[in-house]
């Protein structure tokens, strides 16, 4: 069976298509697993004149060797006026009901837009992309001579039972014998980075591939939540670490942008902001910022100055209050705001934040939060909403990491995991700084040499920031340097982010509550491999046993 994105057919309630439903099922069942099929995946690309436009194909079919095929599907019957060349929809009685865009031209425009967008991506600029277009009429026997169409690129009800043969012929039709370049794994990854937005399809390597794909599937299933909440303008969504909150928040922003709205994605952490900004680049109507960055941007546009004497007062009170004042004179407004990691927002920030909405009373506001990750705010207070929803499934971590994380999850909700067991977390303790540094070096060596995790899939997280971190001061561990081959961050700054493998080091004996929060946040960043390196005192306090 072909790999489908999304994995289940999603019908557009405003424009249902029987042809797309039929073709989705046929592609899924008849094409083998070396094919990847994207259904209704939008992208943003300039048109031939360089103006901005959105692109979306009914189906994009990809094969590592054969190339890419863009398919436009049409339901029911069609007719074409010979003199004018205009197309019309035809009902069961043979009556022309309404005009249609030329589906062959539609498919060709999508094909050209997709090629332009692929060429815009840095990794795709110098490649030759074999991308063809085709049309599908699964309800009728299509007369290619009458419609002056190329037979190889037309699918009708007669060829539907032999869909694999048709697909191979259509792809072969577009292959330039002299210039055709197989997509390969790299090309498929580039295409997925454009069309699998919201599905967390990552380049995979080594022994973690199967588990990564499983976690991507579980994340994808969470997207159904947004379908159920679409009718509510204001929603509060609580989810445990790993429940897909950030992916849902980004998908919510994408959907709002696709509706022609101006959405704002806002979080607390700058690292999370930067990651999400890259993710949402294809949707320029979407703005991504962290809360204090938003405040400073509005203040600057208003020509105001905020005195900065005490950092705590500046960030806690002065900047938020200045945002509310600046919004009175700054014309920039958003139709919707999506808040990620909402537990980090102070209660008195919500008013200033909503002043950035075009309609402060009815503007769309969706807040995602985890009441177990309160590293910054002292209490949870949220604006009034229309509905609340709990995400109770962990779809980020393999089950053994999930089981460790749940030790520090304090809530009346029960969280579950359907992921495979995965490798057991490694627990190590240290009494001296030298032992800490030796353990970090050993962990990096084992992850890369034994488990064959590539360095860019590893993060070293520490309980201290740069000023106090002995790990950061050492930086060089074997053949790796933190901040170069291996990513480093404090636990606080890495909230909302993740890596395939995490070394959680320099965990010191804080109060029991703070230590539990640090371990809950830090351990839950690892998808597949986790190494915890804690001081002996912290290990005893948290019940960690090597």
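The values are calculated or read from the model by the stated rules, or taken from the named source; none is laboratory data. From a predicted model like this one, the values you see are computed outputs, not experimental measurements. Glycine gets a Cβ as well: all are built from the backbone with ideal geometry, and neighbour counts include every protein chain shown.
So the values come out like this:
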item	result
Failed item in (1) touching a residue at least 40 places away in the same chain (Cβ under 8 Å); (2) buried (at least 16 other Cβ atoms within 10 Å of the Cβ), with residue 270 passing the rest	(2)
Condition met for residue 516 (more than 30 Å from residue 239 (Cβ to Cβ) and not assigned by TED's automatic domain parsing to the domain that holds residue 270)	no
Residue among 293, 303 that is surrounded by fewer than 16 Cβ atoms within 10 Å (Cβ to Cβ) and at positive phi	303
Residue selected from the range 353-369 under the condition touching a helix residue (DSSP H, G or I) at 6+ places or on another chain (Cβ under 6 Å) and modelled with pLDDT of 90 or more, by the criterion farthest from residue 249 (Cα to Cα)	355
From the options 427, 401, residue that is part of a strand (DSSP E or B) and either in contact with a helix residue (DSSP H, G or I) (Cβ under 8 Å, 6 or more places away or on another chain) or at pLDDT below 95 (or both)	427
From 370, 340, 335, residue being touching a residue at least 24 places away in the same chain (Cβ under 8 Å), under 22 Å from the mean Cα position of the chain (by Cα) and within 12 Å of residue 241 (Cβ to Cβ)	370
The lone exception for residue 361 - which of (1) out of contact with any strand residue (DSSP E or B) (no Cβ under 9 Å at 6 or more places or on another chain); (2) without any contact (Cβ under 8 Å) to a residue 60 or more places away in the chain; (3) farther than 22 Å from residue 270 by Cβ; (4) assigned to a helix (DSSP H, G or I) it fails	(4)
Candidate set from the range 163-188 (those that are in contact (Cβ under 8 Å) with a residue 24 or more places away in the chain, in contact with a helix residue (DSSP H, G or I) (Cβ under 9 Å, 6 or more places away or on another chain) and part of a helix (DSSP H, G or I)); member that is nearest to residue 119 (Cα to Cα)	187
